[in-house]
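Asks: Mind looking over this structure? Questions follow.
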Amino acid sequence: MEIYKRLKERGMTCITITDHNTIEGVLEIAHFPEVFISCEYTVAFPEGGKVHVLVYGITEKDHQELIKLRENIYHFVRYLKANRIAHSLAHPLYSVERSNVDKSFVEKLVLLFDNWEVINGTRGDGVRYIEESIARIYNGWDKIYLLAEKYKIEPQRTRERISFTAGSDDHGGMDVGRTWTIVEEAFTKEDFLRGLLEGRTQVGTEELGEERLLNMICRVGYDFVKNKNYIPSDIKPITDYIFMHSDNPMVAFMLRNFLNIKGERYRLIKEIAKLLPSIAIERLLKSPSPQTFGELCLSLMAHGFPAFLKYAQKREAKKIKELSKDFGITNGKAIKVAYITDTYHHINGVARSAKLIRQIALEEGLPFTLITCNASIREEEGLINLKPLWEIPTPFYEELRMGVPNFLELLDLLEREGFSQVHIATPGPLGLLGFLAGKLLGLRTTFAFHTDIPTYAKTYTGDPDIEEILWRFFVLLGNWSDRFFVPSEHYRKVFTGKGLSYGKIGVFKRGVDTELFSPNKRQEDFWHKKKHQRVILYVGRVSKEKGLDTFLYVAKCFPEDIFVIVGDGPYRQEIERKKPKNVHLVGYMLGEELAKAYASSDVFLFPSTTETYGQVVLEAMASGLPVIVSSKGAAHEHVDEGINGFIATRQEEFVEKLSLLLSREDLRKAMSQEALYKAKSLDMRKSYIDYMLAIAGLGRLVYEVG
């Protein structure tokens, strides 16, 4: 009766219920004039394999006969045809009881059924196009007879074209009537059934998704618990409303205003699943205890359940898409890349790359959308900002905070916006959840290794075991990715040596903006130096792993010259405490000010041993500075030893190379010119476009071996 009333409220003019192999349920409402008796039968092929067949408008006698016949699908269908009973093949391409659904299995179904159910309320919307396309491939009696000859099976078809039906497949009753079959010019249920037989059907549905499967499973579970009287009386009015056992307006008001849940009622369960982690975290922070920690764990499990159901749907859909290739069907999806980054508003190389990629995508019309998660960023064209559940400090960089997104909202965003792939630029909370979401949705998933986190971890902790664990983690991510990008040949060798498949790795090189960074920006009075003094510059993060102790060591050896550190970070206080007088920390510089700082210096000294690329080295070279870099890491790949700079390993070597440059003006000028040539050969825009095309899988990644 509940189902009957709900269907009437939702505008159905003919009503039936198709339980599995029984008609007891529909018999309870069979006395209503718009109801006809139906059933969904599990029917077997004698040679192996089973299907579900929806049979409409039967009598109790028909049902008894069909129960006997369902062990042989050929006898079963022959009975339906002989008695002109309307029927449809349910979810044609899904495996029933692990049946092997291959091309020959489907072609046998073509010989038997004139109607196929192509919209199923709990299966998602990923395969309708495939089912309809396969059905249309075999339109025409000539194709049907060829199949009959191929399989030596008498065709049971009465029409040369397969028509389509739709059903809710809702075992819980909450979403019935949200998917439907229409027969035009049908004024009675007899007209409707005749229309089914003659194939005069149209199908329709409201939005499909994992919400319906979630509603069904939760409602069935709730009914079981309720029938056992396990629901506490103080929460029963709320749960009865959520599971559509009541229409209590006070509960509706409370959910709408106190939990801020908007939208349609059938979305309630998923919306509550979205909210549970933030509620549990708030309770845990206010009152830490084993109970509130347990509540958080349970809330995370509930939060992840809709994602698991979505994964199950996508996995089924993926099998069907693989099957469709045997029929020559390709359902090409337009390329649309979600570029996911935890850092966008910060001052670092990864954030600069993200901003540049967004700018180029907008200017060139490339299908990239940036997704980040931060409480203070506003959305703009080409940028989507997810509201964080909470923000956490970055390990070893506590001033950098990263947002933790609502995973279900991230999943919904990727699916709603029609992204065909995700690219992960950072391994933070958003990046890792984005990676998981991409794999769950079956999207092409790529990853970029921008920062040598394993080496950083060892530098800060002194623990080689942590370093090894992190290397294994990144290798695992790389092997799970469709493509794993590293910024240098050095790191290609590192990852290959650690077990990452060579074929997975792409090397991307980023050029430099030679209009912004140029020797022409030089200002002799920029550093307020004395006439005989030279300026040795470092630009980058002020952190332990950047080798700044070496920078200070070199500065002590040249007390008459000025050493400048541009940047900020967690190691600044330590540097301030132990630096010699000729070292100056000036904080962050950006844009034109930074360009002038480069051009107004004389040598760029960069002792970092953990660089994955070394963008600042290229910026210095574009500004006409000879460079001295470490032999460790990847920054040295930009340097031709003795031509545009020097490569050093030990602290003493840095001193020797700098002494040579400062004592020989001719050498410094020659290297300055070569450094400029090198930087100009790396066109920034082209390098980024090449990288974006490689991410999208649209072209071979073009890169230069240094």
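The values are calculated or read from the model by the stated rules, or taken from the named source; none is laboratory data. Given the structure is predicted, the values throughout are model-derived calculations rather than measurements. Every residue, glycine as well, gets a Cβ built from its backbone with ideal geometry; the counts of neighbours run over all protein chains shown.
Asks: Among the residues of region 186-238, which ones are over 21 Å from Gly121 (Cα atoms) and touching a Pro at 6+ places or on another chain (Cβ under 9 Å)?
Replies: Hits for region 186-238 are Thr188, Lys189.
Asks: Criterion first (surrounded by fewer than 17 Cβ atoms within 10 Å (Cβ to Cβ) and out of contact with any Cys (no Cβ under 8 Å at 6 or more places or on another chain)) does Ala670 satisfy it?
Replies: yes
Asks: Could I ask something else about it? Need the failing condition index for Trp116 against (1) surrounded by fewer than 23 Cβ atoms within 10 Å (Cβ to Cβ); (2) farther than 15 Å from Arg161 by Cβ; (3) under 39 Å from the mean Cα position of the chain (by Cα); (4) modelled with pLDDT of 95 or more, just the number.
Replies: Single failed check for Trp116: (2).
Asks: On to the next question. With Thr426, Thr459 as the choices, which residue is under 23 Å from Thr609 (Cβ atoms) and crowded, with 21+ Cβ neighbours inside 10 Å?
Replies: When all the criteria are applied, what remains is Thr426.
Asks: Quick check: anything in region 276-298 in a loop (DSSP other than H, G, I, E, B) and under 24 Å from Glu210 (Cα atoms)?
Replies: Scanning region 276-298 turns up no residue that is in a loop (DSSP other than H, G, I, E, B) and under 24 Å from Glu210 (Cα atoms).
Asks: Same structure again: Does Met250 satisfy the criteria of being surrounded by fewer than 16 Cβ atoms within 10 Å (Cβ to Cβ), on the phi < 0 side of the Ramachandran plot, under 27 Å from the mean Cα position of the chain (by Cα) and aliphatic (A, V, I, L, M)?
Replies: no
Rundown of residues vs (1) within 20 Å of Tyr688 (Cα to Cα); (2) in contact with a helix residue (DSSP H, G or I) (Cβ under 8 Å, 6 or more places away or on another chain), yes/no style:
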| residue | (1), (2) |
| --- | --- |
| Gly442 | no, yes |
| Phe447 | yes, yes |
| Gly462 | no, no |
| Phe474 | no, yes |
| Asn479 | no, yes |
| Gly497 | no, no |
| Glu524 | no, no |
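Asks: Could you tell me how many of the residues in region 660-675 are without any contact (Cβ under 8 Å) to a residue 24 or more places away in the chain and either among the polar types (S, T, N, Q) or outside any helix (DSSP H, G or I) (or both)?
Replies: 2
Asks: With region 102-218 as the region, which strands (runs of 3 or more DSSP E) entirely inside it contain at least 1 residues that are among the hydroxyl-bearing types (Ser, Thr, Tyr) and either in contact with a Cys (Cβ under 6 Å, 6 or more places away or on another chain) or in contact (Cβ under 8 Å) with a residue 40 or more places away in the chain (or both)?
Replies: 163-167, 179-183, 201-205
Asks: Out of the residues in region 1-51 meeting the condition of being of a type in the set (Phe, Trp, Tyr) and in a loop (DSSP other than H, G, I, E, B), tell me which one is nearest to Gly204 (Cα to Cα).
Replies: Phe36
Asks: Give just the number: which of (1) touching a Lys or Arg at 6+ places or on another chain (Cβ under 9 Å); (2) hydroxyl-bearing (Ser, Thr, Tyr); (3) more than 18 Å from Ala597 (Cα to Cα) does Tyr553 not satisfy?
Replies: (1)
Asks: What is the one condition in (1) part of a loop (DSSP other than H, G, I, E, B); (2) touching a residue at least 40 places away in the same chain (Cβ under 8 Å); (3) farther than 20 Å from Lys189 by Cα that Arg84 does not satisfy?
Replies: Against the list (1) part of a loop (DSSP other than H, G, I, E, B); (2) touching a residue at least 40 places away in the same chain (Cβ under 8 Å); (3) farther than 20 Å from Lys189 by Cα, Arg84 comes up short only on (3).
Asks: Looking at region 520-530 only, could you name the residues that are surrounded by fewer than 16 Cβ atoms within 10 Å (Cβ to Cβ) and in a helix (DSSP H, G or I)?
Replies: Scanning region 520-530 gives a single hit, Asn520.
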